[in-house]
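For reference, the structure discussed in these notes is given below.
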Amino acid sequence: LLFASAIGCPRFPAMARHLLLFSTLAAVCKCFTSPSGIWSARRHHTTTASCSAQINNEDDAPINNHISQLQSRFQKYRSPPFHAPNIERVLLLSDLHCDYSENREWLSNLAATDEHDVSSEQTMILIAGDVSHDLQILRWTFQTLKQTFAEVAFVPGNHELWLDKSAAEGDKCADSIDKMERIIQLCLEEDIRIGPVKVGSLWIVPLLSWHHLSFDSEPPICSESWAGIPSASRTVKLGADYRKTVWPHPITPLDDSVAQLMDSLNDVILDFDNIDEWGEDATILTFSHFLPRVELLPEKRYLSLPTLPACSGSTFL
């Protein structure tokens, strides 16, 4: 499934054509724009208002102060724009889950099955997270991709931030913030793009993200008509993200603070200060593991788990 729209985004010029890509994609991506106004009005105004209220709430001062401290910690990873003039094709993959040997074998054979006219040396691939919680497997994945593709860009998903207690050496991370920093360091060591990349007239921008309960602004499915559906809070709290991630107080996945933190790191890591050639006709392609708009999900009545929207996106994006 491919979703795209010309929508506004506060980080980019209002006139820029903004192409959104996210983790449900596993396809060859072509640069295009869709007519404005294709979105339904499925209460997107409520998500915007909710996000604004959360950010400006005075009760969130301790959280905001802690986020500011963490932003300072990641300032050293600020990534200036990278120009890739030789790239003629952009691919996107997500949820490789290379913990499984079958997936690693598939990835190793990816180049051999490529029948496109454009060579791998002219191809950039975007990886939208959920490769592995094991840093050794993540490094292997990066190295395998770099052997095949000229450029690789990456954003972590939820699995990457799980603390690894089962591997032989573990990840030796005190919390998921430490894990995030280790992942960024690994990207830099393996020459993986984590900042803006210019390909011709196209700008590619990776966006960090995390899910939060209030992303779901749609009315709940009637439990009387649909028996057996767990509540959104129960679905989320039973999920592995809440058992395998650790966050420094007062940051917690039980409210919006993790999603707010992850989005705030975009403002630190993505260096737009030296970009003076956006232009009104710039095409901007962003990719993230979680959804930036609730309208991108099918309606709840079509989902096998109607409470899925509660752990699928971020209004902060």
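The values are calculated or read from the model by the stated rules, or taken from the named source; none is laboratory data. The shown structure was predicted, so the numbers you read here are calculated from the model rather than taken from an experiment. FYI the Cβ positions are ideal-geometry reconstructions off the backbone, even for glycines, and counts take in every protein chain you see. Surface areas here come from the heavy atoms of the whole protein model, side chains and all, with no ligands, DNA or RNA. Shrake-Rupley method; radii C 1.70, N 1.55, O 1.52, S 1.80 Å.
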TODO: Check whether at least one residue in the stretch 239-247 is open to solvent by less than 60 Å² (accessible area, probe 1.4 Å), of a type in the set (Gly, Ala, Ser) and at pLDDT below 90, and report yes or no.
DONE: yes
Task: PHE154 closer than 21 Å to HIS289 by Cα, free of Cβ contacts under 8 Å to residues at least 60 places away in the same chain and surrounded by 23 or more Cβ atoms within 10 Å (Cβ to Cβ) - done: yes
TODO: Given the conditions (1) in a loop (DSSP other than H, G, I, E, B); (2) modelled with pLDDT under 95; (3) of a type outside the set (Val, Ile, Thr); (4) surrounded by fewer than 17 Cβ atoms within 10 Å (Cβ to Cβ), report the number of the one that GLN147 does not fulfil.
DONE: (1)
Task: When residues of the stretch 278-317 are limited to those that are polar (S, T, N, Q) and over 17 Å from the mean Cα position of the chain (by Cα), the one modelled with the lowest pLDDT - done: SER304
- [ ] Search the stretch 51-74 for residues that are within 11 Å of SER257 (Cβ to Cβ) and open to solvent by 80 Å² or more (accessible area, probe 1.4 Å) and pair each with any residue that is modelled with pLDDT of 95 or more and not in a helix (DSSP H, G or I) when their beta-carbon atoms are under 9 Å apart and the residues are at least 6 apart or on different chains.
- [x] none
TODO: Check the stretch 165-174 and report whether any residue there is open to solvent by less than 30 Å² (accessible area, probe 1.4 Å) and not in a loop (DSSP other than H, G, I, E, B).
DONE: no
- [ ] Take the stretch 63-111 and flag every residue that is among the β-branched types (Val, Ile, Thr) and closer than 25 Å to PHE272 by Cα.
- [x] ILE67, ILE87, VAL90
